[in-house]
1. Out of (1) of a type in the set (D, E, K, R); (2) surrounded by fewer than 16 Cβ atoms within 10 Å (Cβ to Cβ); (3) on the phi < 0 side of the Ramachandran plot, the odd one out for Asp316 is which?
2. Please find, among Ala34, Ala61, Ala27, Ala77, the residue that is at pLDDT below 95, open to solvent by less than 70 Å² (accessible area, probe 1.4 Å) and not β-branched (Val, Ile, Thr).
3. Would you point out the residue of the range 199-246, among those that are in contact with a Ser or Thr (Cβ under 8 Å, 6 or more places away or on another chain) and of a type in the set (Asp, Glu), that is nearest to Ala271 (Cα to Cα)?
4. Does Leu137 fit the bill of being open to solvent by less than 20 Å² (accessible area, probe 1.4 Å) and touching a residue at least 24 places away in the same chain (Cβ under 8 Å)?
5. Within the range 201-243, take every residue that is in a helix (DSSP H, G or I) and within 24 Å of Leu172 (Cβ to Cβ) and give me the one that is most open to solvent (accessible area, probe 1.4 Å).
6. Among (1) charged (D, E, K, R); (2) more than 28 Å from Ser317 (Cβ to Cβ); (3) within 20 Å of the chain's Cα centre (by Cα), there is one condition Arg133 misses while meeting the rest; what is its number?
7. Restricted to the range 178-189, and to residues that are touching a helix residue (DSSP H, G or I) at 6+ places or on another chain (Cβ under 6 Å) and part of a loop (DSSP other than H, G, I, E, B), which residue is farthest from Asp235 (Cα to Cα)?
8. Looking at Arg311, Arg294, Arg329, can you tell me which residue is at pLDDT below 95 and either of a type in the set (Lys, Arg) or surrounded by fewer than 16 Cβ atoms within 10 Å (Cβ to Cβ) (or both)?
Amino acid sequence: MLKRRLAEWRYNLRIMSPTSAPKVDSAPLRTQAASLGFNLIGLTRAVPSPHLAAYERWIAADLHGDMAYMARPDRVARRRDLNVILPGVRSLIMVGLDYQTLRLPAAIADDPRRGRIASYAWAADYHAIMTPRLEILAGWLRDQQSGAAFEHRVYVDTGAILERDHAQAAGLGFSGKNTLLIHPRRGSYFFLGEILTDLEFADYDSPMIEPGCGRCTRCLNACPTDAFPAPHVLDARRCISYLTIEHKREIDPTLRRQMGNWVYGCDVCQAVCPWNRFAVQTLETNFYPIDFARAAPPLIDLLHLDDDGFRDRFADSAIERVGRDRLVRNACIAAGNSGLVEFTNALAALAASDRSALVREAATWALAHP
C-alpha cells in the first residue's frame, strides 16, 4: 500500500510540475489515427490504474493460473508505475480497432464435427496489423514536434500494463461484468493498442463509467465453466480461452465436457452480451476469414495435423502462438465431446504414438469418454 501511494505521489508530482514543452493539441492526432483505420482513440494521463488494487488481489488469489508472467515482480512493478517502462512518461494514447466480421450460422458453429475458434483469431494476427500502424502514428507525432525530444513505446496486448483499465480511463468503454471493455455504441468486439509517450496533451478524455451493465448477468450465467466467481472477477483457471490458449499442461478433466467444441478461445460471454447488438462490422478486411473452415475447422483435419501442416494452416494468425500440440490436445477433447465414432481411428493413432504426451493423454481421454 505504501509503495503504491508513493508511486501515485511521484506521478502526481510530475504531472503538476511545470514543463517547458508546450502541450500538444490532440485534434490532429485523432484525425490521423482515424486515417490509419483505428475506430476509437482516447487520451489519458499516465497515472496508475484505478483498479490496481483489484489486480493485485486477483494475483494474490492465484486466479491468473499458470500465467506466471502476470505475477512476476518486474511486471507488477511496471503495472504499478508506467515510468518503469518509459522514464518520463506523461500520456497514453489508447486506440481501438473493430474486429467483428460475420456471425457463424448455427449449423456450422454447433456442428460436432467442427472445432470452434474465437472470432478474433479467424484471420490475420491483430498484433501484426495494429503494431505497425501504431508505429506509423508515433512517427507522425514525432514529425509534428519539429525536432523536439520525443520518447515513446508501442504495445498491442503485449506490455505489462493494465490495458483495459487505461482504455476505460481514456473513455473507450466501461468495464463489463465479464471483465471486457464494452463501448455502448460498439459492443466489445474490438482490439486495444496504445502508445506511451512523454508528451503532454492540451486535453484528455474522461473515464467512461456509465452506462454499465446494470442488473444484467447474462455473461456470468452463460459461461459454460462458471469462470466468474463474482461480477468483474474472472477465474482464469476455469476460463475456456485460458484453458485452450494459455494453459500448457493437461486440462482439468472436470472441465472438459463443458468446453464443448471450442478449440481456440471462446466467445460465449461476448455473444450473449446485450451491448453487442450494437457491435460494428469491421472495415478491416484482414480480419475476415477466407472460409468457414478458418472459423470452425473440421476436427478430423486438426487431429491429423503435424508441425508442417499446422504452420501451413495457421501461419500469420494468432493461433500460431499456441503451437501444434496444444491445438491438437484441444481438438482431441472436442472430438471426445462430440460422441461421434468417426474420430475413433484418428484418436487411437494419436493415443498410441503421438510424440506429445499432452496429445496422447487427451486422445486417450477422448476414447474413454465417447
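1. It fails just one condition, (3).
2. On the way: Ala34 fails: at pLDDT below 95; Ala61 fails: at pLDDT below 95; Ala27 fails: at pLDDT below 95.
That would be Ala77, the only listed residue that is at pLDDT below 95, open to solvent by less than 70 Å² (accessible area, probe 1.4 Å) and not β-branched (Val, Ile, Thr).
3. Taking the candidates together, the pick is Asp205.
4. Working: open to solvent by less than 20 Å² (accessible area, probe 1.4 Å): yes; touching a residue at least 24 places away in the same chain (Cβ under 8 Å): yes.
Answer is yes for this residue.
5. Of all residues in the range 201-243, those in a helix (DSSP H, G or I) come to 218-222, 236-238, 240-243.
Still in the list and also within 24 Å of Leu172 (Cβ to Cβ): 218-220, 236, 241-242.
Working: Arg218: 137, Cys219: 14, Leu220: 31, Ala236: 4, Ser241: 34, Tyr242: 15 Å².
This residue is Arg218.
6. Answer for Arg133: the failing condition is (2).
7. Going residue by residue through the range 178-189, those that are touching a helix residue (DSSP H, G or I) at 6+ places or on another chain (Cβ under 6 Å) are 178, 181-182, 185, 187-188.
Within this subset, residues satisfying the condition of being part of a loop (DSSP other than H, G, I, E, B) are 178, 185, 188.
On the way: Asn178: 11, Arg185: 28, Ser188: 20 Å.
Selected residue: Arg185.
8. Values: Arg311 fails: at pLDDT below 95; Arg329 fails: at pLDDT below 95.
Testing whether each residue is at pLDDT below 95 and either of a type in the set (Lys, Arg) or surrounded by fewer than 16 Cβ atoms within 10 Å (Cβ to Cβ) (or both) leaves just Arg294.
The values are calculated or read from the model by the stated rules, or taken from the named source; none is laboratory data. These numbers were taken from a predicted model, which means no experiment stands behind them. Neighbour counts run over all protein chains shown; Cβ positions are idealised from the backbone, glycine included. Surface accessibility is based on the protein's heavy atoms, side chains included, excluding ligands, DNA and RNA. Shrake-Rupley method; radii C 1.70, N 1.55, O 1.52, S 1.80 Å.
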